[in-house]
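Have a look at the structure below before the remarks.
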Amino acid sequence: MLHLMTTEPVQQNGVGTQDAFQRLWTPHRMAYIQGENKPTGPEAGDGCPFCGIPALSDEDGLVVSRGERVFAVLNLYPYNGGHLMVVPYRHVADYTELDGPETLELADLTKKAMIALRKASGAHGFNIGLNQGVAAGAGIAAHLHQHIVPRWGGDSNFMPVIGHTRVLPQLLADTRAMLADAWPTD
């Protein structure tokens, strides 16, 4: 059945007190809220998703690029479209635990991610960082991962600020393919 967009609000039962707001449902976020894919402990064998991703195909694991020591993967619960993470294959929690070659490759893949995001999506800027430890906001503190969040002028609109909702215009699989195609080869 084809549903046409209308300008008239549609009342849906069960959404609480009727008000002037439309509802943007994001049921896929419930998996994150309920802790799906969270490790059960600090060790690699405790269900660490970053340790399991390399065994998957690029498409299934949302891997954009693989290096010798680190890989770039889309965030399953992104802050913005194109939100990538650069992750070492080795299960380490702290930046100071990386060896020299891992540190260099993490920096190199970060640069390549920025180039690919600019090419594929015209990103105007980036938030890049490591959340070290649970107290610092790391969702998976046991396995280091650097976030690369593309930003565009005006992307801090009312949805995240007032509505506490992010609007992602593209499926993760499509974003992965787009970024993989734009990834620098040098």
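The values are calculated or read from the model by the stated rules, or taken from the named source; none is laboratory data. Here the structure is a predicted model, which means the values were calculated and not measured. Positions of Cβ are generated from backbone atoms using ideal geometry, with glycine treated the same way; all protein chains shown enter the neighbour counts. We work out accessible area using only protein heavy atoms, side chains counted, and drop any ligands, DNA or RNA first. Shrake-Rupley method; radii C 1.70, N 1.55, O 1.52, S 1.80 Å.
Straight-line reach from Lys38: which aspartates and glutamates have Cα under 19 Å away, leaving out those fewer than 8 places along the same chain? Within the straight-line cut-off, Lys38 pairs with Asp46, Asp60, Asp94. Residue ranking by accessible heavy-atom surface, 1.4 Å probe, largest first, among His124, His83, His147 comes out as His124, His147, His83. Taking label positions 7 Å along the Cα-Cβ direction at both Thr96 and Lys119, the computed distance is 3.7 nm, reported to one decimal. Heavy-atom accessible area for Arg90, with the other protein chains in place and a 1.4 Å probe, reaches approximately 100 Å².
Taking only the C-alpha atoms of the stretch 83-153, the Rg (one decimal) and the largest Cα-Cα distance, Dmax (whole number), read 12.7, 36 Å. For Tyr89, nonlocal amide neighbours, meaning residues 5 or more places apart or on other chains whose placed amide H falls under 5 Å from its own, are Val70, Phe71. Under 5 Å between amide hydrogens, built in the peptide plane, is the criterion, and for Ala138 it picks out Gly133 among residues at least 5 positions away or on other chains.
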